[in-house]
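Worksheet: the structure to be examined is printed underneath.
Since every read-out is calculated from the coordinates, none of them should be taken as a lab result. This one's a predicted model, so the numbers in the text were calculated from it and none came from an experiment. Using ideal geometry, Cβ is built from the backbone for each residue, glycine included, and neighbour counts are taken over all protein chains shown.
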Amino acid sequence: MIQLNNISFSFKKGEPLFNDLNWSLQPGKTYGLLGLNGAGKTSLFNIISGMLFPKDGECTFDGNVVRNRNPQFLSELFLVPEQFELPAMSGDQYTQLHAPFYPRFDEQLMERSLSELQVNSKKKISELSFGQQKKYLLSFALATRTKLLLLDEPTNGMDIPSKSQFRKLQASLDQPDRCTVISTHQVRDLGSMIDHVTILKDGKIIFNHSLDE
């Protein structure tokens, strides 16, 4: 599905962040992407989604180069960033506007997720608390049913009951064709959701094994 081949990347005038990094992501798996602050987890997400371009190497999705950001690729990807800003419209309006871009958007799953996470989609999402905004965005992300789902610190800002409900919701879904990557420091919150562990350090992947291994 996603293949990163010999990725090298650095910010302007900075030390290299990645050096010949290789990583393969397969459908039906949930990867836990771990590493110290500054290891490059968010930057790696941005490379995978085509928002940052590697200096050397290539990232492909089903054989297509992601830096081209063609609509077919983007409609099969959803990224929930750690920090975000949502528009001054209701959740229902946001869904109506953006859902058509995703060919398998599941309205019933969206309604179920909002209900279980206790989010009022009639209110303007920009006026909700950060935790409520996060729960709305996670509900939308799950409902897109994209082949690739990237979650950057998804439980930050959520209270303990909401974290538990999100884990239950994610576990209840049948997603054999979806690859989910979760970047987090909250391993205790999300450990039960992960079946493959990947650790970044010093610009390389130093550990990449299934949870069973």
For this session: Check each of the trypsin sites (Lys or Arg not before Pro) in region 54-95 and keep only those in coil by DSSP with at most 15 other C-beta atoms within 10 angstrom; list them in order.
Result: 55, 69
Problem set entry | Antiparallel bridges, percent of DSSP beta bridges restricted to region 85-213 (to nearest 5) | 60 percent
Exercise. Using the beta-carbon distance between residue 211 and residue 99 and R0 = 41 Å, what value does 1/(1 + (r/R0)^6) give for FRET efficiency, to the nearest 0.05?
Worked result: 0.80
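Once Rh for the chain is found with the Kirkwood sum over Cα pairs, what is the Stokes-Einstein diffusion coefficient at 10 °C and 1.306 mPa s, in µm²/s?
This corresponds to a translational diffusion coefficient of 90 µm²/s.
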For this session: Could you let me know the centre-to-centre spacing of region 1-56 and region 76-151, using Cα atoms, in angstrom?
Result: 25 Å
Exercise. Given only helices, namely DSSP H runs of n ≥ 4 each adding -39500 (n - 2.57), what is the per-residue ellipticity at 222 nm of the chain, to the nearest 500 deg cm²/dmol?
Worked result: -8000 deg cm²/dmol
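Averaging sequence separations of C-alpha pairs under 8 Å and six or more residues apart, then dividing by the length of region 2-210, give the relative contact order as a whole percent.
Relative contact order here is 30 percent.
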Seminar exercise, completed: Taking only the alpha-carbon positions of region 1-66 as identical scatterers, the Debye log10 I(q)/I(0) at q = 0.11, 0.14 Å⁻¹ comes out as -0.24, -0.39
